[in-house]
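Worksheet for the structure shown next.
Read the figures in this text as sums done on the coordinates, not as results from a lab. Just so you know, these numbers come straight off a predicted model, no measurement behind them. We place every Cβ from the backbone using ideal geometry, glycine too, and count neighbours over all the protein chains shown.
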Amino acid sequence: MVERLEALLTYVNKVLAQPEPPLEASRIGRKLMEMVNRASTEVPPEKLDAIVKGSLRDYSMIAYLSEMASTQLALQEKIISG
């Protein structure tokens, strides 16, 4: 699923980079919105909740690890330079 989302993101970025998106892009955009709306109404609330909470936990962990790495680098630079 992640690979499909990455491919979709690549496509969207290519379309947005164009000065005038083609008519086909509008049709595809409407279809994608329809798919998202359908998924959000057909997925049981418990499963949707689990997906959101899982994503939030993943994001929180990545943010925490990123901050830790940044702090570690700052400390290392201070030790080396001074």
* Between 0 and 90°, nearest 10: helix 45-81 axis offset from the chain longest Cα axis -> 30 degrees
* Asked: Going by a ≥ b ≥ c, the root eigenvalues of the Cα gyration tensor, does the chain fall in the rounded group (a/c under 1.5), the prolate group (a/b larger than b/c) or the oblate group?
  -> oblate
* **Rg and Dmax [Cα atoms of the stretch 10-53; Å; Rg one decimal, Dmax integer]** => 14.4, 41
* Structure fact -> Taking a straight Cα-to-Cα line shorter than 20 Å from residue 53, and setting aside same-chain aspartates and glutamates fewer than 8 residues away, one finds 42
* To do: Mind checking which lysines have their Cα closer than 18 Å to the Cα of residue 14? Skip sequence neighbours fewer than 8 apart in that chain.
  => 31
* Asked: If you stretched the chain out fully between residue 65 and residue 31, how much longer would it get, using 0.36 nm times the residue separation minus the C-alpha to C-alpha distance?
  -> 8.6 nm
* **Computed FRET value (nearest 0.05) for residue 43 with residue 14, which takes r as the C-beta separation and R₀ as 25 Å** => 0.30
* With Cβ to Cβ distances under 14 Å as the rule, what net charge do the other residues near residue 55 carry (K, R +1; D, E -1)? -> +1
